[in-house]
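The values are calculated or read from the model by the stated rules, or taken from the named source; none is laboratory data. Everything numeric here is computed off the predicted structure, so don't read it as measured data. Cβ placement follows ideal geometry from the backbone for every residue including glycine, while neighbour counts extend to all protein chains displayed. The accessibility values were calculated without ligands, DNA or RNA, using every heavy atom of the protein model including side chains. Shrake-Rupley method; radii C 1.70, N 1.55, O 1.52, S 1.80 Å.
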6 protein chains.
Amino acid sequence: MTDSLADFNAFRSRMNDLIAGKSNLTINRFFALDSRAYDAGALGTKTKEMLGLVASLVLRCDDCITYHVVRSAEEGATDEEIFEVFAVGLVVGGSIVIPHLRRAVARLEEVRASR
Amino acid sequence: MTDSLADFNAFRSRMNDLIAGKSNLTINRFFALDSRAYDAGALGTKTKEMLGLVASLVLRCDDCITYHVVRSAEEGATDEEIFEVFAVGLVVGGSIVIPHLRRAVARLEEVRASR
Amino acid sequence: MTDSLADFNAFRSRMNDLIAGKSNLTINRFFALDSRAYDAGALGTKTKEMLGLVASLVLRCDDCITYHVVRSAEEGATDEEIFEVFAVGLVVGGSIVIPHLRRAVARLEEVRASR
Amino acid sequence: MTDSLADFNAFRSRMNDLIAGKSNLTINRFFALDSRAYDAGALGTKTKEMLGLVASLVLRCDDCITYHVVRSAEEGATDEEIFEVFAVGLVVGGSIVIPHLRRAVARLEEVRASR
Amino acid sequence: MTDSLADFNAFRSRMNDLIAGKSNLTINRFFALDSRAYDAGALGTKTKEMLGLVASLVLRCDDCITYHVVRSAEEGATDEEIFEVFAVGLVVGGSIVIPHLRRAVARLEEVRASR
Amino acid sequence: MTDSLADFNAFRSRMNDLIAGKSNLTINRFFALDSRAYDAGALGTKTKEMLGLVASLVLRCDDCITYHVVRSAEEGATDEEIFEVFAVGLVVGGSIVIPHLRRAVARLEEVRASR
């Protein structure tokens, strides 16, 4: 694990501002759409964040995993629930998911320790 | 859409039997593990099937999508809920998901028509 | 090659209508965003369609390739230009791109024959 | 399974000729490089074909799988050996590999029946 | 962002030399083919570098993105043009592209600052 | 290259213990299955490790590549053999494999230096 959660958030925030400032309409609309996609509807936000987490895990996107681990925990997902999300992702995506699972678990530890 | 759901199930069942008969221990254990991964635990089966569905969608595996659309519907997921799963998969996976989304929706229509 | 271009377009159009009718706001906004992403800006539409084509090729999405082959040809891309897009996609994406390249070339023949 | 092995080979051969005739130097050199990559060296051709097979399986490229199943069988790989290649691919790539595994096994049956 | 552009280039250069020295004919020919794939033809080099950039972005290969951001800028691509390439990649590849987009923008800043 | 092989192994070992301690049955069975998948059968362990290596290379999983480079070397694979595995992976997976190939070669150097 290279960066702490604080470093991750600082870089993320700085780059999001820089990207938004470039005024590319397609990119800015995509970011708006992305942030609304997890709002509660027929499914609650916790479920949607877990959907985002398993999708990020099988696509092996560490930063996306970090984001959805943090959000799932904020929405009240327990360790048991999050590990069941991890289990589905592992079976669907295979052993190449394992390195990302290790980093996801390290992030979850960091989230739990920071409360 | 090439095959009907009945054709899909017939081919799937015939090949699963053929594979099981080859007695490769790793393969047979993986199939057993796969079928148990969606059993209810801290998360219910409906939620787990929707996790499998979004993972299949972003990985763009049509047969996997078909399987989890059928199972999600069997577990009581409504069209609204399934479309919210599709929406998360579309935002996470981008426009390359769209052709698979079209086929997923056609499958869902087929499932609803066959009740 | 299973479907003709006419069949492809008919299925695409029918499913797009069905999806739009479900009124999932995230999905409908994504479709709107997708259709505007290739409008001329600092780069012309022909260049953007070729960008969409190479992205579809390396991601190995046959329906997306079909769409962007048709659109690139409509925007005036020559066979030589389209094959140079294919060449970049082949080197970046490797030999797994080849089956999709074969189908892309068959589509291009179909497009040229239908003029 | 849509096409027979004979249909697959006919389409493959026709499109390869069409592509070669376009005289794109990068594409033609890539095809030459691809066909030499499996020549015997420090590793024998059978081993290299099995490497190509597992790579095609985890990347979920049905046509590539068909090609390497045929070539592995021609080089003398037994069913037991090919299923061990499949097993590694399944564990590495996860359950999304299963639909491709089913089609791979159907192809292997077709190859064995055509001898 | 772990490494500076200078560190990236130094590691890249050192490993390329080491790989070339191993005299694997397939690998060395692939490297030669790769470096010629962006030469001007029916399409100019700037366009080809932008094709390489969008392909690298949707395949989420940070080092490839860095290489093509540098080369696109050297060929005269403006920030507006590069952001339109990013926009196509984002819509095609979805929100999992975002972390790579952030790093791509940081690289572009580094390139612009080093002129 | 961020971490040394020793750091990689320490993090890997610590996280594996932490994951095992969570007692998620699916995850723990998957880990057991993964570790048995490379046992000698109709194919020897060296061949299976090289299959795991090429699969990891085309899927661009650096940690998986590190693991299988180490294991292939332990099973007696020579540099020439490992570079032929790399060559197949490069042709199958394309130029996006190159950054992972560079890191794989750096790992191989580290393994050879540590004997």
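One table, with the values for the structure above:
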item: Candidates D:Glu75, D:Glu109, filtered to the one that is of a type in the set (Asp, Glu) and either over 26 Å from F:Thr78 (Cα atoms) or open to solvent by less than 40 Å² (accessible area, probe 1.4 Å) (or both); result: D:Glu109
item: Hits in the range B:1-22 - residues which are loosely packed, with under 14 Cβ neighbours inside 10 Å and of a type outside the set (Asp, Glu); result: B:Thr2, B:Ser4, B:Ala6, B:Ala10, B:Ser13, B:Arg14, B:Ala20, B:Gly21
item: The listed residue being touching a residue at least 60 places away in the same chain (Cβ under 8 Å), within 17 Å of the chain's Cα centre (by Cα) and either more than 23 Å from B:Tyr38 (Cα to Cα) or crowded, with 16+ Cβ neighbours inside 10 Å (or both), out of F:Thr66, F:Thr47; result: F:Thr66
item: Cβ pairs under 8 Å, 6+ apart, first in the range B:93-115 and at pLDDT below 95, second surrounded by fewer than 22 Cβ atoms within 10 Å (Cβ to Cβ); result: B:Ser114/B:Leu5
item: Yes/no for A:Leu59 being more than 10 Å from the chain's Cα centre (by Cα), among the hydrophobic types (A, V, I, L, M, F, W, C), open to solvent by 10 Å² or more (accessible area, probe 1.4 Å) and within 14 Å of chain D (Cβ to nearest Cβ); result: yes
item: Within the range C:30-44, tally of residues that are open to solvent by 20 Å² or more (accessible area, probe 1.4 Å) and either among the aromatic types (Phe, Trp, Tyr) or within 25 Å of D:Val58 (Cβ to Cβ) (or both); result: 1
item: Out of B:Arg60, B:Arg102, sole residue that is of a type outside the set (Ser, Thr, Tyr) and in contact with a Phe, Trp or Tyr (Cβ under 9 Å, 6 or more places away or on another chain); result: B:Arg102
item: Helices (runs of 4 or more DSSP H) wholly inside the range F:22-115 containing at least 3 residues that are in contact with a His (Cβ under 7 Å, 6 or more places away or on another chain); result: F:45-58
